[in-house]
Structure formats: C-alpha cells, structure tokens
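Some notes on the structure that comes next.
The values are calculated or read from the model by the stated rules, or taken from the named source; none is laboratory data. What you are looking at is a predicted structure, and each value in this text was computed from that prediction instead of being measured. Glycine also receives a Cβ, built like all others from the backbone with ideal geometry; neighbour counts cover every protein chain displayed.
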Amino acid sequence: MRTLPPDDPTLTLFSILREDGTADPQQDAFLPRETLLAMYAQMLRIRRIDERMLGKQRQGKVGFYGTITGQEATPVATGLSLSPEDWVFPALREAAVMLVRGFPLSTWLAQVYGNEADILKGRQMPSHQSGRAVNQVAWSSCIGPQIPQAVGAAMAAKARGDRSVSVGFMGDGATSQPDFHAAMTMAGIHRPPVVLICQNNHWSISVPTEKQTASATLAVKAHAYGLRGVRVDGNDVLAVHHVVKEAVDRARDGGGPTFIESLTYRMGPHSSSDDPTRYRSQEEVETWAKRDPIARLERYLRTAEILDDATLEGLEAGIRAELDAALAEVEELGPPARATVFEDVFAALPPHLQRQQAQFLAMPPAQLAHH
Amino acid sequence: MREITYRDALKEAMAEEMERDPRVFVMGEEVGYYQGAYKVTRGLLEQFGPERVIDAPIAEAGFAGVGVGAAMTGLRPVIEFMTWNFSLVAFDQIVNNAAKMYQMSAGQFSVPIVFRGPNASARQVGSQHSHAVEPFYCNVPGLHVVYPSTPRDAKGLLKTAIRGSNPVVFLEGETLYGAKGLVPEVAEDETIPFGKARIAREGKDATVVVWGRPTPAVLEVAEKFAREGIELEVIDPRTLRPLDTDSIVASVKKTHRCVVVHEHWPFGGPGAEIVDRVQREAFDHLDAPVLRATNLDVPMPYAAGLETQVIVGADRIEAAIRKVLYLG
C-alpha cells in the first residue's frame, strides 16, 4: 500500500493569508488591487445581504433564509474564477455565486420573496435560486444529486468540444451520499472538465464532520477515485481563489477534474429554522470568529494600504444603497399569478392541465392560511 | 413494412436518432461492449463509438444524475437501466430532479432525457427483479410514461421520446423483446405521438384496456371470446402519461362494459386511474362495474409454479371479462 507523504495537498491546508492578516510571502500572488478590492467588496456585500434578509425572515416577511456567514470566501473566489460560459451546480450555500457573476440583486431577492418579479414564479425556497443568465442551475434539496449532474454537464461540454467548465458544490455531509461516490467515480473515469468543491463547514445541521466520516480529511478521498485533490483554508479568500482558479484553468485546458475541500465554518445557524446553541459551544464559534474571512482580508488590505476607513465607508454605503434600492423594487410586490402553477410542468401545457387550469380559475382563489 | 423484433425496433429507434442528432447518446450498464444485458443496444458501440455509447459503472443514481446534468446543458441522453427495478436506486434523480427541474427553474432548464429498460416480471427472477414500476412514475407530474406492446409502437414511441423536450420513463416488456411485428421501412421515419391510444382489436361487447406485457395475453383471450361470438374491443393506451382518456371513454360508451388489465399491483396506479376516469366520464353508459385483472398484491415469488399464479394471465383476464358480461 502506498503511504501518502505528510505534505500531500489533500492532507495539508493550503493558505496564503495568516490569521493576523499578513500573507505568506512564498505564496502571495500579489493580485491586482482591483481584484483584491472586488473580493472584499463581494464578501462584504453577501454578508450584508444575509444580515438584512435573515432579519426579514425574523420579521415574518420571508418564509425561510439560509445565511452563509463565515463562508463567503468560497463562493466569491469561485465566482471570480469562472468565465461566463461556465456552469455552476450549487448546494445550499452557493446561491451568492450568481451575484458575484453579475446576476441582478433585485431579481435574486425576488426569488427570496417568491413574488411576481420572481423569475422562478414562486416555486423554489430561498437559497435555491437559479439563473440561466449566469448558467447556475436549480439546486435539489436532497443532498448530493447536483454532484453527478455537474459531472454530466462537464461530460456534455467535452462531447460538444466547447471550453466550458462545470463546478459542482457540496457540503461536508454530502460526501456521505452515494451520489458523491458515483460522481467522483465517473469524474475519475471520464476526466471531464469539472471542479468539485466541498465546503466543509464542520456541521451538517447538528451532526459534526467526525460523525460523517472517519477519513483523515475529505480531500484525501480524491486519491481513491484517481482524482487530483486539494485541501484549502476556506476562510482565506486568496488561497481559495488560487486553488479554484488553478483547478478551473486546468480543467478548461483538458487537465482533468479536481476535488477541493474548502475548510471553513458555518458561523450562523443551518437555516432560519435552526438554533445552533443547542449542539455546539460558544467557544468553538468564537475561535472561528477570529478566522473570519472578511476581517482577515481587511487586515491584509489595510496593511497593504488598499483599504482605509474612507474606502470601507464608501463600500458599505454602496452596498446599503444597492440593497435598499433592490428591496424597494421587489419587497411589496404581490404573489405570482395563480394560473402560473400549471406552467412549466411540461414543455407545453398538456390537455389535462389545460382542463384543470380552467376548472381552477373558475373557482375563487383559496384564502391564505394564517398560522 | 418488414417484420422485426421489439428488441431490434428499439435499437433501430436509437440508431436512427443518434444518426440524425449528434446530441443523442446512450449510457448505462453493459450497453457498449456487451451490447446490453438484453442486447437492445446491439451494434451501437460499433456504429457510434465509445463517446456516444457509454458503459457506466454500477451506479444508477450516478449515471442517471450524469444524464440529467448533460440534458440540462444541451445533450439528449438515453439512459438504460438494466431493469427498471434498479431505477429505484436512482429515484431521486428521476423524480426530484429530471421531473421537476424545468418547473423549479420556471422553464430555464429543460431535461430532455429518456430513461429506458425492461419493466415488470421476467420469468423467475424474484421480487426485486419483477417490479412493474408504472404506478411510481405515473404519479409524478413532469414525467411522460410510455409502455409499448408491439415492435412498431416501440420504435415510433422511442423516437418521439428522444425528440421530445420532457423527461420520459420508457418501459419495455422484458418478455416482449423477442416478439416480432410489422414495422415501417427505415425511410418512413415513423414517429408515434404520445397520448394517442391504439385500438388493438375492434369490438362491440366489452372494452379491455391493457398496455405493455399482458397485451398479447389479452389478444389471445379476445380470440377465444370471438369464437363464442363475443367481440371485445382491446385498447392499448401506449402512453400512460399522457393518457388518452377520450379513446377509452369513447369505446366504453360503445360497449358499456370495461375491464382494465395490468401487471402492476392493484393498489392505485394507472389501472385505478383509468377506472376512475371511466366511471366519471361514462357513468351513465355503464352496464356493469368496471373491473380490473391484475397481478396479485404480493411481492413476486421465484418458484415458477407460484410466479405463474401471481402474474395476471388468461384465467383472471377471462374471469373479469365474463363478470362484466354477466356470463357467470
């Protein structure tokens, strides 16, 4: 049996930014100022959107919300590493990749409200957004099915001979699913241009990673499938960007798939329906708070004199204005027209649904139940 | 017209569609080098190569999911399950993903995919190889469910399935693969629309609705009744979703009696759905309760002598028909 060397990239943790905000000079790519600021601005933007929208859920304005607080680095780094033709098969915490890739915030928020401006016609829960404009598909709530789908999309790209790359996301819990195993197996056999990214945030609702697997790391599983694997500090946006961009570029150039474990931490609840104080310690949360990806990059940017108070204030004001405007646009809209529930079940409205629709519309609308 | 087997009719449909449309590919267990566990994909690997006839690892959820992803991004996969029994491992990909993706994305991502393979009992293969899965899949909005009983229908319906924009559950009768029948010449490029029943035999005394594997047994029973001077009308809906209710109801309005014959278990399913539609839409025309002849409501036994009892056969079909005709 081959023993992996201790410095195997699936066992170590690739990082660039230290917790104090200084960068490892061996690894720092000295990215352009605009790229660094864009990373920071996008992470901050997502955090502020999440804060505001969780508040809306608490006020009863939206039914459900899942924040990604503490995990902003991976979706932002990925979004900034992709080309417009690339495909994203998200899990629960990657809806924001759409925003990073330029999807309009008001349309994205309309999906959270499920109202008449929602391009999904009120069908999907929040955190399940999708948008053809940015090639991001609808996530399936059962854990894992998007992973083989991402491999299939990449096989399709290879078959067509185009240069698009597919990125499939999952959480740590998803690596227990047969779908993960099957997707990794097929990615290894066919070597299509796919990058599979596991955001290991330590918790699947209340179940810690050590109850999901006894594997030393998740990244090390790549070896068993004949895949390239990398484990990266998911709270270090520079490191994640480096690793994801390298994997995406490699996949695009025919170098095959990569499985990336991005080690991070879910600072907030699993969703608006969860209270994490029941199963994890405050100490643990505080330890991870010190590794906050936004604060870490901020320290780096301040040291490099790329960010100062005035710039930060400007960013915050810009985000606030964007969010206020987007909410004003969509918050008070009514629900989608009730006739739309029959649409898109099939490519064309079949006769039996035409009949049902006519009968349904002849009845007065059902009243909204008040709980 | 020429006479070919149901198996070759399916193969021809795939080969012609792959020839016509480079987006079509076939994937499944044993479909390539081995030419299919039931030899339905015979010759396809040689004709189209390993990029388009893909031997999948034993991971139904995996290759079904790969197919869904490929379909969402523009290809037209034909996914073969070695038998539909094994589709239960991929149920989430079919029901939660293929069937709902178009609706969940409000029309942004269509899933033009065909899942196909042999359905129902296949002679002494036990309960885990003998499911008639149509009730599971017929319950799901967003799926088309097809189950041809003749070579001509098999070919024409599979071509329609591959050309369509919706996910299709395409059920094949394992014991029908060797059945021969007349099929139009290749040049005719015949497709058969979904939702149009075929009148397999015209008659005036009672309507028998049947699809897939039990169809030949029903036609034999109809011959027997004909010798007694009783003319049965046999209707094969061909597609269960969409279901050609109009043809069934029109026939019942003519014959005033109806028996539905199916291999799936009797609780619910398309069998019960057809009975419901007939009683709603032809109530005043019925001279007898609508009856069903079905498999027994038990998991399939292995022993040949027991399996024959469990599968719906000529005896139970005939008894149900006699009952609606009040012939004791």
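A few remarks follow.
- Residue match in region A:344-359 (condition: more than 14 Å from chain B (Cβ to nearest Cβ) and more than 22 Å from A:Ala110 (Cα to Cα)): yes
- Filter pass, B:Phe91 being surrounded by 24 or more Cβ atoms within 10 Å (Cβ to Cβ), within 20 Å of the chain's Cα centre (by Cα), of a type in the set (Phe, Trp, Tyr) and modelled with pLDDT of 95 or more: no
- Listed by first and then second residue, the pairs with beta-carbon distance under 6 Å, at least 6 apart or on different chains, first residue in region A:211-240 and in the same structural domain as A:Met43 (by TED's automatic domain parsing), second among the charged types (D, E, K, R) and at pLDDT below 95, are A:Asn235/A:Arg291.
- Applying the criterion of being touching a Lys or Arg at 6+ places or on another chain (Cβ under 9 Å) and among the β-branched types (Val, Ile, Thr) to the residues of region B:231-259, the residue that is farthest from B:Leu143 (Cα to Cα) is B:Thr255.
- Looking across region A:100-126, the residues that are within 18 Å of A:Met43 (Cα to Cα) and buried (at least 24 other Cβ atoms within 10 Å of the Cβ) come down to A:Val100, A:Leu109.
- Selection count where residues are touching a residue at least 40 places away in the same chain (Cβ under 8 Å) and within 11 Å of B:Val261 (Cα to Cα), scope region B:284-310: 1
- Filtering A:Ala304, A:Ala348, A:Ala339, A:Ala366 for residues that are aliphatic (A, V, I, L, M), modelled with pLDDT under 95 and surrounded by 13 or more Cβ atoms within 10 Å (Cβ to Cβ) leaves a single hit, A:Ala304.
- All positions within region A:139-158 that are facing another protein chain (nearest Cβ under 9 Å), more than 15 Å from A:Trp87 (Cα to Cα) and touching a Leu at 6+ places or on another chain (Cβ under 9 Å): A:Ser141
- Filtered residue count, region B:112-124, keeping only those that are surrounded by 24 or more Cβ atoms within 10 Å (Cβ to Cβ) and either at the interface with chain A (Cβ under 8 Å from one of its Cβ atoms) or of a type in the set (A, V, I, L, M) (or both): 3
- Failed item in (1) more than 24 Å from B:Ile94 (Cα to Cα); (2) surrounded by fewer than 21 Cβ atoms within 10 Å (Cβ to Cβ), with B:Pro214 passing the rest: (2)
- Criterion applied to A:Gly173, A:Gly161, A:Gly168, A:Gly188 was being in contact with a Phe, Trp or Tyr (Cβ under 7 Å, 6 or more places away or on another chain) and either more than 9 Å from chain B (Cβ to nearest Cβ) or free of Cβ contacts under 8 Å to residues at least 24 places away in the same chain (or both), and the one residue passing it is A:Gly188.
- Of all residues making up region B:5-38, the number that are within 14 Å of another protein chain (Cβ to nearest Cβ), touching a residue at least 40 places away in the same chain (Cβ under 8 Å) and surrounded by fewer than 18 Cβ atoms within 10 Å (Cβ to Cβ): 1
- For region A:312-371, a tally of residues being within 30 Å of A:Ala38 (Cα to Cα) and in a helix (DSSP H, G or I) returns 19.
- Qualifying residue in region A:313-321 (condition: in the same structural domain as A:Ser206 (by TED's automatic domain parsing), exposed (fewer than 15 other Cβ atoms within 10 Å of the Cβ) and of a type in the set (Asp, Glu)): yes
- Subset tally (residues that are more than 9 Å from every other protein chain (Cβ to nearest Cβ) and under 19 Å from A:Gln199 (Cα atoms)) for region A:127-138: 3
- Extreme residue, nearest to A:Thr12 (Cα to Cα), among residues of region A:206-261 that are among the charged types (D, E, K, R) and at pLDDT below 95: A:Glu210
- A:Asp179 being in contact (Cβ under 8 Å) with a residue 12 or more places away in the chain, within 12 Å of chain B (Cβ to nearest Cβ) and either in contact with a helix residue (DSSP H, G or I) (Cβ under 6 Å, 6 or more places away or on another chain) or closer than 13 Å to A:Phe259 by Cβ (or both): yes
- Here A:Thr69 fits the description: assigned by TED's automatic domain parsing to the domain that holds A:Arg231, under 20 Å from the mean Cα position of the chain (by Cα) and more than 21 Å from A:Ala325 (Cα to Cα).
- A:Glu85 vs. criteria outside the structural domain of A:Gln129 (by TED's automatic domain parsing) and either in contact (Cβ under 8 Å) with a residue 60 or more places away in the chain or on the phi > 0 side of the Ramachandran plot (or both): no
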